[in-house]
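Okay, structure first, notes after.
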Amino acid sequence: MNSLDEVLDGVKSAAIAGHVNPDGDCIGSCMGLYLYMKDNFPAVHVDVYLEKPGDEFLFIRDIDCVETEYDSGSDYDLMFLLDVSSSDRIGVAASLYECMDNTVCLDHHVTNKGLGRMNRILPKASSTCEVLYEILDDKKISKACAEALYTGIVHDTGVFQYTNTSPATMRAAANLMEKGIPFSDIVDRSFYQKSYAQNQLLGRTLMESILLLDGSCIAGVVRQKEMEFYGLTSRDMDGIVSQLRNTIGVEVAIFLYEKDSCQFKVSLRSKSYVDVSKIASLFGGGGHAKAAGCIMHGTPYDVICNLSSQIEIQLKEV
Ligand SMILES: [Mn+2]
């Protein structure tokens with residue numbers, strides 16, 4: 001698959017779907033593709049299915065057109081799966097996927113085994129937005145589409161910081177910048193800006209974090225009652241794990257937040273040599289070498305012990 005044109009040949013209707021709990025890259029790639037198709041393929045009917053995007057993404061054009069529920073009466077010639085690594089991660093359009101034969105998956109998760117009938121999965125790419133950008137015609141990318149794609153690249157590279165950032169990433173970002181997008185505002189508004197309550201919880205989580213494995217691992221936990229106290233939800237937890245990872249001497253950061261009683265969403269980040277996607281996979285999750293996640297059950301103590309023993313195995317291999 002080298003271009004979107006070949007994928008859309010003969011297609012009259014298409015659905016675009018991202019993953020559960022959509023992040024900047026998921027929203028940016030879904031909206032980027034949606035806007036590109038609206039701008040350049042007006043004859044193709046296109047719908048985008050996502051869980052309600054966070055307020056920090058409201059600047060993206062037509063984000064109010066996102067469908068947050070799938071009506072089983074709607075059918076399509078083609079379904080795009082963007083930034084989705086496995087079928088259990090498809091968000092609101094999961095039941096559509098089950099009855100679709102013609103599916104195209106664009107992704108960069110190393111754990112993706114080929115979710116679509118056609119796949120473009122590039123584990124070395126910074127983001128799904130970068131994977132998508134490569135099959136679009138740059139001349140046909142509007143400013144609004146460029147804003148969406150730039151947002152995704154910014155989010156998945158931690159503002160061009162993580163090692164998944166390559167010269168190709170920078171070239172794609174530079175070309176998007178040429179469209180005259182407000183790049184500084186996009187970074188500030190969608191990535192760095194936090195509410196007062198989010199900062200309060202971040203500070204508290206850092207204060208109560210613990211160091212393990214001689215300081216090479218750090219763990220932070222947020223319980224349900226704390227989220228309730230600050231009036232926060234799961235999507236407000238973004239950024240806590242990367243702040244934990246910033247600690248000098250730490251190779252792996254573990255962040256847990258309680259989804260249900262004794263059920264935790266686990267985020268793992270590593271700095272240089274531990275492959276956290278392998279650890280997340282052991283517990284039924286997935287992701288990338290340096291950023292991965294899974295769901296685990298038990299007390300925070302049990303969960304952290306189970307994770308840290310796996311981390312220790314990899315630390316000893318070095
Ligand atoms: Mn991504």
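The values are calculated or read from the model by the stated rules, or taken from the named source; none is laboratory data. This one's a predicted model, so the numbers in the text were calculated from it and none came from an experiment. We place every Cβ from the backbone using ideal geometry, glycine too, and count neighbours over all the protein chains shown.
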- request: Return the pairs, sorted by first residue and then second, in which the second residue is outside any loop (DSSP other than H, G, I, E, B) and polar (S, T, N, Q), the first residue lies in region 120-132 and is within 11 Å of the ligand (Cβ to nearest atom), the beta carbons are less than 7 Å apart, and the residues are 6+ apart or on different chains.
  value: S126/T169; T128/S29; C129/S29; E130/T169; L132/S29
task: Give the residues of region 219-275 that are in a loop (DSSP other than H, G, I, E, B), under 27 Å from T163 (Cβ atoms) and aliphatic (A, V, I, L, M), sorted by residue number.
output: I248, V250, V274
field: Considering residues of region 171-214 that are under 30 Å from Q310 (Cβ atoms) and aliphatic (A, V, I, L, M) only, the residue surrounded by the fewest Cβ atoms within 10 Å (Cβ to Cβ)
entry: M207
task: Kindly provide the set of residues from region 1-28 that are out of contact with any strand residue (DSSP E or B) (no Cβ under 8 Å at 6 or more places or on another chain) and more than 14 Å from the ligand (Cβ to nearest atom), ordered by number.
output: N2, S3, L4, D5, E6, D9, G10
task: Report, by residue number, each residue of region 76-129 that is touching a Leu at 6+ places or on another chain (Cβ under 8 Å), more than 23 Å from I295 (Cβ to Cβ) and among the charged types (D, E, K, R).
output: R120
field: Subset of region 269-288 [crowded, with 17+ Cβ neighbours inside 10 Å and either over 22 Å from the mean Cα position of the chain (by Cα) or among the small types (G, A, S) (or both)]
entry: S270, S277, A280, G285, G286, G287
- prompt: Among the residues of region 56-67, which ones are without any contact (Cβ under 8 Å) to a residue 60 or more places away in the chain and out of contact with any Leu (no Cβ under 7 Å at 6 or more places or on another chain)?
  reply: L58, I63, D64, C65, E67
Region 221-232 residues that are surrounded by 17 or more Cβ atoms within 10 Å (Cβ to Cβ), paired with ones that are part of a loop (DSSP other than H, G, I, E, B) (beta carbon under 8 Å, 6 or more apart): V221/E208; M227/T233
Unmet criterion (only one of (1) within 14 Å of the ligand (Cβ to nearest atom); (2) over 19 Å from the mean Cα position of the chain (by Cα)) for H155: (2)
task: Of the numbered conditions (1) touching a residue at least 40 places away in the same chain (Cβ under 8 Å); (2) buried (at least 16 other Cβ atoms within 10 Å of the Cβ); (3) within 16 Å of the ligand (Cβ to nearest atom), P53 fails exactly one; give the number of that condition.
output: (1)
- line: Considering region 58-67, residues that are out of contact with any Pro (no Cβ under 9 Å at 6 or more places or on another chain) and not in a strand (DSSP E or B), and then whichever is surrounded by the fewest Cβ atoms within 10 Å (Cβ to Cβ), we arrive at D64
Residues satisfying the stated conditions in region 276-303, i.e. farther than 30 Å from L122 by Cα and not in a loop (DSSP other than H, G, I, E, B): H297, P300, Y301, D302, V303
message: If a residue must be in a loop (DSSP other than H, G, I, E, B), buried (at least 24 other Cβ atoms within 10 Å of the Cβ) and in contact with a Ser or Thr (Cβ under 8 Å, 6 or more places away or on another chain), how many such residues does region 17-45 contain?
response: 1
- request: Go through (1) in contact (Cβ under 8 Å) with a residue 40 or more places away in the chain; (2) more than 15 Å from the ligand (Cβ to nearest atom) and name the single condition F41 misses.
  value: (1)
task: Considering only region 71-86, state which residues are away from the ligand (no atom under 16 Å from the Cβ) and either modelled with pLDDT of 95 or more or touching a Gly at 6+ places or on another chain (Cβ under 8 Å) (or both).
output: Y76, D77, L78, M79
